[in-house]
Amino acid sequence: VSGEAGSITQSIGAYQKEYNGKKITFLDTPGHEAFTAMRARGAQMTDIAVIVVAADDGVKPQTREAIDHAKAAGVSIVVAIDKPGANVERVKTELSGLGLISEDWGGQTIMVEISAKKRINLDKLLENIILLAEVLELKADPTALAFGTVIEASLDPHEGPKATLLVQNGTLKAGDYLVVGNSYCKVRKMTNEFGKVMKSAEPSTPVQITGLSNVPIAGDHFLAFVDDKEAKDIAQKRTLTALSKKNVSALPTTLDGVLQAMSNNKEKKIPLILKADTQGSVEAIKAALEKIEVKGVELLIVRAAAGDITESDVILAQASSAIVLGFNVKANALAMSKAKEAKTEIRLYDIIYRILDDVKLAMQGLQV
């Protein structure tokens, strides 16, 4: 917690815990309401959702949202009520109103009172997760070619495109050829959450890989192939399909197109360029910004992409009179120099709600 900006999880992660000889893989999704897309993906790729409720706070809107995602995905729910000594019965009452009735109240939802800081009843929580997994008879085939989902993806300035994958079926091996969304690569190196190199990853194992042809989108599925040509062909076909769809339906992102769109619209607009550390953060922040409503004022997101702020971002911002927003990224020296020369504003953030607050204030300032 102390390592996260604002003491809030700011990105999605995955890690394993071994308990009584059995492994449990946790997907840690952010709690802030702006990360709806991340939590939705988390529910879609998991088997059991652990809803953590602070007993002193009670059921918050984010808690309701997480429960809705889990229910929509058909995922079993376990509730961990944190901070002992607070009004646990009140929390159970609020949860019962959402259809989650505790076992000790005659319902079917497992609820465990824990303390993360004091490490109270964490073993009981793990025991209940394993028990529920056995009751649900969760199974996978480790002999098949690997299939799974992109948990998170980013553009590393030193290693290039990289992605965190969750193997959901089969076994991913070093040397396999992967199609990840529209991307393609050969698995030359994969590491676990501690950076340890792995030769193979069985079902429910999270791994990080590098060497992708481009940055995939969080939530994309991946498939492993033993044949190099087949993997390349499928990746190329997917890329062509995606490009054709983009050309038909996407908003104009060329300089002329953006300027034309602005000149044809009588409403006041604030053009933005959004860069974030991961594709998942980009999607989440973009979706949250698009929900801000101020009468007579509209946001125009000229570009939204993962990676550090570059000179090309500033050039586009200059041509479209846009403000550059960065979340958990840096602006390289060329970008900073160009921004100073062009008098283009770059704002850097490490807490998401500050982005949303600043943009809303800017929109209200333009309101007629």
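The values are calculated or read from the model by the stated rules, or taken from the named source; none is laboratory data. Note that the coordinates shown come from a computational prediction; the quantities given were computed from them, not determined experimentally. Reconstructed Cβ throughout: ideal geometry from the backbone, glycine too, with neighbour counts over all protein chains shown. For the accessible areas, the whole protein counts, side chains as well, though only heavy atoms, and no ligand, DNA or RNA atoms are used. Shrake-Rupley method; radii C 1.70, N 1.55, O 1.52, S 1.80 Å.
Take Leu334 and decide whether it is in contact with a strand residue (DSSP E or B) (Cβ under 7 Å, 6 or more places away or on another chain), in contact (Cβ under 8 Å) with a residue 12 or more places away in the chain and more than 24 Å from Leu165 (Cα to Cα).
Values: in contact with a strand residue (DSSP E or B) (Cβ under 7 Å, 6 or more places away or on another chain): no; in contact (Cβ under 8 Å) with a residue 12 or more places away in the chain: yes; more than 24 Å from Leu165 (Cα to Cα): yes.
Here the answer is no, as Leu334 does not meet what is asked.
Within region 189-219, the residues that satisfy the criterion of being of a type outside the set (A, V, I, L, M), assigned to a loop (DSSP other than H, G, I, E, B), open to solvent by 40 Å² or more (accessible area, probe 1.4 Å) and out of contact with any Cys (no Cβ under 8 Å at 6 or more places or on another chain) are Lys189, Glu193, Phe194, Gly195, Lys196, Lys199, Glu202, Ser204, Asn214.
Here Asp141 does not qualify as crowded, with 17+ Cβ neighbours inside 10 Å and not polar (S, T, N, Q). Looking only at region 315-368, residues that are in a loop (DSSP other than H, G, I, E, B) and of a type in the set (Lys, Arg) come to 2 in all. When you look at Glu127, is it assigned to a strand (DSSP E or B) and either in contact with an Asp or Glu (Cβ under 7 Å, 6 or more places away or on another chain) or in contact (Cβ under 8 Å) with a residue 12 or more places away in the chain (or both), yes or no? Judged against the criteria, Glu127 is not a match.
The set of residues in region 260-291 that are open to solvent by 30 Å² or more (accessible area, probe 1.4 Å) and at pLDDT 85 or above comprises Asp277, Gln279, Glu283, Lys286, Ala287, Glu290, Lys291.
Mind checking which residues of region 131-188 are in contact (Cβ under 8 Å) with a residue 60 or more places away in the chain, among the polar types (S, T, N, Q) and assigned to a strand (DSSP E or B)?
Thr149, Ser154, Thr164, Gln168
Pairing residues of region 203-216 that are farther than 17 Å from Phe147 by Cβ and modelled with pLDDT under 90 with residues that are of a type in the set (A, V, I, L, M, F, W, C) and open to solvent by 40 Å² or more (accessible area, probe 1.4 Å), at Cβ distances under 9 Å and at least 6 apart in sequence or on separate chains, gives Asn214/Leu155; Val215/Leu155. Name the residue that is modelled with the highest pLDDT, counting only residues in region 292-314 that are in a strand (DSSP E or B), within 26 Å of Lys162 (Cα to Cα) and open to solvent by less than 70 Å² (accessible area, probe 1.4 Å). Across region 292-314, the extreme among qualifying residues is Ile309. Looking for whichever is crowded, with 20+ Cβ neighbours inside 10 Å and under 30 Å from Pro203 (Cα atoms) here; the options are Ala73, Ala66. Which one fits? When all the criteria are applied, what remains is Ala66. Region 19-102 holds helices (runs of 4 or more DSSP H) entirely within its bounds, and those carrying 1 or more residues that are at pLDDT below 80 and under 23 Å from the mean Cα position of the chain (by Cα) map to 36-44, 61-72.
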